[in-house]
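First comes the structure, then the notes that go with it.
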Amino acid sequence: MGARTTTFYMANLGSELLRMLAARERNDEKAFRESARRSLALADSALAREHARGREEILTLKKIINDFLGGEARYAITKKEIESYFFPFAIKQMEMS
């Protein structure tokens, strides 16, 4: 297994956010909350990287996750936007593996 880089955490964060949204669409509150918890943990792991780039973006992602959890919908983020944002991380991670 390769090193766990910021790219690794971001690629996995994208997958977890999509799982979170899928759980919400299924009205599966337990899976939604578990996925949100894992998403926040991945964001924290990305932030903990000594040379993490995009710290402000990661902090914004945490706000978006918390927004989903709180049900406030301050951010109008769609599944398509999440896919578009995280797809490059997934591709880069696959190339690095």
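Which of these, Ala22, Ala43, Ala76, has the largest mean-square fluctuation under a Gaussian network model of the chain (Cα springs below 10 Å)?
With Cα springs under 10 Å in the chain, the top fluctuation among Ala22, Ala43, Ala76 is at Ala76.
If I take every Cα pair under 8 Å that is 6 or more residues apart in the chain, average their sequence separation and divide by the length, what percent do I get for the relative contact order?
Reported as a whole number, the value is 42 percent.
Which of the GluC sites (Glu not before Pro) found in the range 26-56 are loop residues per DSSP with 16 or fewer other Cβ atoms within 10 Å of their Cβ?
Of the GluC sites (Glu not before Pro), the ones in loops of the range 26-56 whose Cβ has at most 16 other Cβ atoms within 10 Å are Glu50.
Restricting everything to alpha-carbon atoms, can you work out Rg to Rh for the chain with a Kirkwood hydrodynamic radius?
My calculation of the ratio gives 0.96.
Please identify the trypsin sites (Lys or Arg not before Pro) of the chain that satisfy two criteria: DSSP loop assignment and at most 14 other Cβ atoms within 10 Å. Which are they?
Here the sparse-neighbourhood loop sites are Arg4, Arg26, Arg53, Arg74.
Please find, in a Gaussian network model of the chain (springs between Cα atoms separated by less than 10 Å), the residue of Ala23, Ala36, Ala11 whose mean-square fluctuation is greatest.
Ala23
What chymotrypsin sites (Phe, Trp or Tyr not before Pro) in the range 8-37 are in a loop by DSSP, with at most 13 other Cβ atoms within 10 Å of the Cβ?
In loop regions of the range 8-37 (DSSP not H, G, I, E or B), there are no sparsely surrounded chymotrypsin sites (Phe, Trp or Tyr not before Pro).
What angle do you read, to the nearest 10 degrees and between 0 and 90, between the alpha-carbon axis of helix 55-70 and the longest principal axis of the chain?
The angle comes out near 20 degrees.
Residue-wise, which Karplus ³J(HN,Hα) couplings in Hz belong to the range 32-46, taking 6.51 cos²θ - 1.76 cosθ + 1.60, θ = phi - 60°, and x for glycine or proline?
Listing the rounded values in order: 4, 5, 5, 5, 4, 4, 5, 4, 5, 5, 5, 4, 4, 5, 5 Hz.
Let's test the formula: R0 of 25 Å, r as the Cβ-Cβ distance of Asn27 and Ala48. What FRET efficiency results, to the nearest 0.05?
Plugging the Cβ-Cβ distance into 1/(1 + (r/R0)^6) gives 0.15.
Quick one: Karplus J couplings for the range 9-14, per residue in order, coefficients 6.51, -1.76, 1.60, θ = phi - 60°, nearest Hz, x for Gly and Pro?
So the Karplus estimates, Gly and Pro as x, are 5, 5, 4, 6, 4, x Hz.
Taking only the alpha-carbon atoms of the range 1-57, what semi-axes of the equivalent ellipsoid follow from 5 times the gyration tensor eigenvalues under a square root, in whole Å, largest first?
Numbers: eigenvalues 117, 22, 15 Å².
In descending order, the three semi-axes are 24, 11, 9 Å.
Tell me the angle of helix 79-96 to the major Cα principal axis of the chain, expressed in degrees between 0 and 90 and rounded to the nearest ten.
Compared with the principal axis, the helix lies near 20 degrees.
Work out, step by step, the length gained on full extension between Thr60 and Glu72: first 0.36 nm times the residue separation, then minus their alpha carbon distance; give nm to one decimal.
2.8 nm
Every read-out reported here was derived from the displayed coordinates using simple, explicitly stated rules and does not represent laboratory data. What you see is a predicted model, and the numbers here were worked out from it, not measured in a lab. Cβ atoms come from the backbone with ideal geometry, glycine included; neighbour counts cover every protein chain shown.
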